[in-house]
């Protein structure tokens, strides 16, 4: 059984094309045609609207635009941040459209992390692997989800605050230092919340951000993502009494309090 995709933006198109998804779900959406450069080659993805309601549903909308109460059946959310009320698949990838409109990855090879899922997702996971995407199946997806959330809570909001691309933020010594301190703070918040992120997060963050070049994250186009990317971390820090000076500084620069109000 094929899957459906809700939200055919960059992530939805990339993962939908890789899965061979035949349908785009969602009220008022039109059929999407996209050229997607997968590790296995370029695919022309042209799904139809609708599809069987029992087909598994990959949710790739932005968190604050997701109709959570309307989601039914076998659902996986391929989103950044924390707080999703459904199972998640964590996407470690940076996507952009090139001058020809082709969706392409930037930086590290694309990788997905997923926890235990219903058997209906097995063909989708297999299709992602055939497309050249690394898929890590784990017993607990929370460490990967928190790690990606921390990565997205640092440089992305600084891109929003400064107007710079990720590579430019990372090249700035002061912003890079702020990012690495905030990364350590995020790991401390995760630990206080009972989520053990593997050691070496700062090194993995440095490796990732050094490779993404001029990539501009989606938060630059839609600051409504801030409460999910950074706000949930700040709430957890407050709940568990963890001091997050650098994360707080990033939140102030990005205008989180103003935008979230």
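Summary table below
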read-out: Any chance residue 182 is surrounded by 14 or more Cβ atoms within 10 Å (Cβ to Cβ), under 22 Å from residue 237 (Cβ atoms), without any contact (Cβ under 8 Å) to a residue 12 or more places away in the chain and more than 18 Å from the chain's Cα centre (by Cα); value: no
read-out: Qualifying residue in the stretch 201-208 (condition: within 28 Å of residue 140 (Cα to Cα) and touching a strand residue (DSSP E or B) at 6+ places or on another chain (Cβ under 9 Å)); value: yes
read-out: Flag if residue 157 is closer than 18 Å to residue 106 by Cβ and buried (at least 19 other Cβ atoms within 10 Å of the Cβ); value: no
read-out: Odd one out for residue 109, checked against (1) surrounded by fewer than 19 Cβ atoms within 10 Å (Cβ to Cβ); (2) in a strand (DSSP E or B); (3) in contact with a helix residue (DSSP H, G or I) (Cβ under 9 Å, 6 or more places away or on another chain); value: (3)
read-out: Check on residue 205, assigned to a helix (DSSP H, G or I), modelled with pLDDT of 90 or more, touching a helix residue (DSSP H, G or I) at 6+ places or on another chain (Cβ under 6 Å) and within 18 Å of residue 106 (Cβ to Cβ); value: yes
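The values are calculated or read from the model by the stated rules, or taken from the named source; none is laboratory data. Model, not experiment: these values are computed from the prediction. Cβ sites come from the backbone with ideal geometry, for glycine too, and all protein chains shown count toward neighbours.
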